[in-house]
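Inspection log for the structure reproduced underneath, given as structure tokens.
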Amino acid sequence: MHLSDLHLGIKVYEFDLFEDQKYMLDNIIKIAIAKDVDGIMISGDVYDRPIPPAESVALFDSFLTRLSDEGIKAYITSGNHDSQERLSFGSKLMNKSGIFFGGTFDGTVPRMDLEDEYGQVHLYMLPFLKPSIVRAHMADDTGSSDNMRSVENKTNSITDDNKSTDNNTGDICPDENSDSDIDSKDATSARITKDDITSYQKAIDYVLSGLQIDESARNIIMAHQFVTGATRSDSEEISVGGVDEISADSFDLFDYVALGHIHTPQIIGGNEHIRYCGTMLKYSFSECKKNKSVPIITLKEKGNIDIELADLIPQRDMREIKGTYLDLTAKKNYADTNTDDYIHVTLTDEDDVPDALGRLRSIYPNIMKLDYDNLRTRAVYNSEIPDEVEKKSPLDLFQEFYNLQNGRDLTLEESTYVQSQIEKLWEGGV
């Protein structure tokens, strides 16, 4: 099973989704048991922040304990939201229970050596990487061949001194590349030094070039990166200019690429085996019309992979409703819906409805966002061109921003206070 981006501890519009995440993790275990999966890969962003809430840590601990009790192995890597060191705490002890972490990058990539009736499967556990992380584990002596590589040969340009353990033990086998020698026949003028690792693409290619991949075996890699061509959603962090993008070509030698980082389930470049599983829950309204699922991958002989998608049905869905206040409060329009869903309400009334949010929550208790779509708001949005914006006062701009963020206008008292603060800043020359 391929999971990623659990984001345990996340809050959406200040709503705590702990119960929803617990419910979904329970369902994921039920699916894993029903499908008789051997293991679950979690490709990063287990938590929503580096120091997660205690209850979220306890929830993940309970999830892993139940997997271990069921004899289902777990392979976990860190994402950009995780603390690599915290996520890997106790990993050596947990290995004995079938829980394996590839959370901390130390210049090597952990590899699991598995085996079935078709032969070996090598599972590479690549944590989230950025150029600075990779550079930190390159030697300073740029004149030594020990810390320079040719990126041209991604498979055997470096002799691998990896000592594999008994496949039945499930021990992680790190590739000890820091002590490897570059084969003279592969040494080219294309040498890599710290100064060369200037992009995510170069960082990933440098690391992958150090893996001695057996192309006759089946190879899987877990990676938490943004692969070019993926469609983002509103709940993800976006890097300016796409500087975090890497090419799918970097993973050419792998039979399955278990990606994390992007929240919408999707395949890359029409390749079924290069896949984002997406989040287990919807974390933004940009995803409300997209269903969630979890991939179940069955590896047969080399080149033969079956992928099944198991639907993930949430306890409370995330959806958008639109209409006048009277329409949305008419029982015939909500009687057959789950009013406990997380909802974005758009009112089309021309006049503001007094205490609309409070009154609507008597029917829809989990309204996350409320805004208006009428002649006034459309006029505001349609006039958002630079010349018009410059004509607006600071108070007008702040009022529009506040409305977008909170779904209501400032009160007279709030407007007066904001205006007084603007004047203080103005007088101070800020």
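The values are calculated or read from the model by the stated rules, or taken from the named source; none is laboratory data. Because the structure is a prediction, the values reported are computed rather than measured. Every residue, glycine among them, receives a Cβ derived from its backbone with ideal geometry; neighbour counts consider all protein chains shown. To get the accessible areas, we keep the full protein, side chains included, count just its heavy atoms, and leave off ligands, DNA and RNA. Shrake-Rupley method; radii C 1.70, N 1.55, O 1.52, S 1.80 Å.
When Glu55 is tested against (1) in a loop (DSSP other than H, G, I, E, B); (2) charged (D, E, K, R); (3) more than 20 Å from the chain's Cα centre (by Cα), just one condition goes unmet, and that condition is (1). Of everything in the stretch 311-339 that's among the charged types (D, E, K, R) and touching a residue at least 24 places away in the same chain (Cβ under 8 Å), which residue is most open to solvent (accessible area, probe 1.4 Å)? Here the residue is Lys322. Of the candidates Asp48, Asp82, Asp38, the single residue that is open to solvent by 60 Å² or more (accessible area, probe 1.4 Å) and either within 16 Å of the chain's Cα centre (by Cα) or touching a residue at least 12 places away in the same chain (Cβ under 8 Å) (or both) is Asp38.
Within the stretch 119-137, the set of residues being closer than 16 Å to Asp214 by Cα, crowded, with 20+ Cβ neighbours inside 10 Å and not aliphatic (A, V, I, L, M) comprises His122, Tyr124. Taking helices (runs of 4 or more DSSP H) as the structural unit, those lying wholly within the stretch 385-430 and holding at least 2 residues that are surrounded by fewer than 11 Cβ atoms within 10 Å (Cβ to Cβ), out of contact with any strand residue (DSSP E or B) (no Cβ under 8 Å at 6 or more places or on another chain) and modelled with pLDDT under 80 correspond to 386-391, 412-427. Restricting attention to the stretch 22-50, the residues that are part of a helix (DSSP H, G or I), in contact with a helix residue (DSSP H, G or I) (Cβ under 7 Å, 6 or more places away or on another chain) and closer than 18 Å to Gly260 by Cα total 1. Screening the stretch 258-377 for strands (runs of 3 or more DSSP E) wholly inside it with 2 or more residues that are of a type in the set (Ser, Thr, Tyr) and under 24 Å from Thr231 (Cβ atoms) returns the ranges 342-347.
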